[in-house]
1. So what's the angle, to the nearest 10 degrees on a 0 to 90 scale, between helix 89-98 and the longest Cα principal axis of the chain?
2. Here are some pairs, Lys26/Lys47; Lys26/Lys190; Lys26/Lys142; Lys106/Lys142; which of them have Cα atoms lying more than 28 Å apart in this structure?
3. Quick one: length gained pulling Ser229 to Glu173 fully straight, 0.36 nm per residue minus the C-alpha distance?
4. If you fit an axis through the alpha-carbon atoms of helix 13-23 and take the longest principal axis of the Cα set of the chain, what angle between them do you get, 0 to 90°, nearest 10?
5. For Cα pairs less than 8 Å apart in space and 6+ apart in sequence, what is the mean separation divided by the residue count of the range 130-229, i.e. the relative contact order in percent?
6. Rounded, prolate or oblate: pick one for the range 1-54, where a ≥ b ≥ c are the square roots of the eigenvalues of its C-alpha gyration tensor, a/c under 1.5 means rounded, and failing that, prolate if a/b is larger than b/c, else oblate.
7. What Kirkwood radius, in Å to one decimal, follows from the Cα pairs of the range 5-121?
8. For the range 98-194, take the convex hull of the Cα atoms, compute a quarter of its surface area, and give me that in nm², please.
Amino acid sequence: MEVKKLLLVDDVELFLHLERTILKRKSFSISTAKSGNEALESVRKTKPDLILLDMFMPDINGDEVCRILKSDPETMDIPIIIVTMDSKLGSKERCIEAGCDGFIYKPINKNVLIATVEEHLGIRKRYFRRVPTKLQCDVSGKDIDVSAFIHNLSQTGAFIAMDIVPEIGEEQELEFTLPGADEPINTQAKVRWVGYIDEEGTLGAGVEFSAIEEGESALIRAFIDGLLSGPSR
């Protein structure tokens, strides 16, 4: 199996040490940089598979480093995850405009970090099948009350496309109706990662169902099985 190369960028050694400690258990090849300029130099030399990039640094901020890398054909396809203490909407918009692929917020949660990295490297283990779909979904929670669309659905979670994303770790209330069902599914879901799902730049949140009834879970399973098996002959 190919060893994935990660570049960790932060001007504070404590955060670099924490990220290294968490991620080295996954057998990644890890390099580090302590400034924006050092990061740009390292990326062009080593071509990492993913970059964890601090937002605020003394020379060049993370969003500007991201913008530079995403505008270069040689580096534009490398996933960039912004790591920041600032979860304000303005900072998110700056990162989104720069082309980042996702966010992680400090203080860093070990499980969130690993899940986000594996998700964007395409190596996250999936124990339940998921299917692409487009189901209208009402999402409500802290500071969010929107009508959105589920773009990927599994028995245990979904990717929900939305212009304003919730914070990682937040609980959301979801309501959506499966085709042919008489009643909507109502469940709580925890946000596991935020970022983009496709090359078109669809922004949203990956959520894990945290309180779903067995009957509703069975309906989702039957819906997924029906899509995967195709039309009956």
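Values quoted throughout were computed directly from the atomic coordinates according to the rules given, and no laboratory measurement underlies them. What you see is a predicted model, and the numbers here were worked out from it, not measured in a lab.
1. The angle comes out near 70 degrees.
2. Values: Lys26/Lys47 19 Å; Lys26/Lys190 24 Å; Lys26/Lys142 33 Å; Lys106/Lys142 19 Å.
Long pairs (Cα-Cα over 28 Å): Lys26/Lys142.
3. Details: separation 56, 0.36 × 56 = 20.16 nm, distance 2.99 nm.
Value of the extension gain: 17.2 nm.
4. Result, in degrees: 50.
5. Numbers: 219 pairs, mean separation 25.9, N = 100.
Relative contact order here is 26 percent.
6. Values: a/c = 2.86, a/b = 1.13, b/c = 2.53.
Oblate, because a/c is 1.5 or more while a/b does not exceed b/c.
7. Working: mean 1/r = 0.0724 Å⁻¹.
Evaluated on the range 5-121, it is 13.8 Å.
8. Working: hull surface 28.2 nm².
If I average the Cα hull's projected area over directions, I get 7.0 nm².
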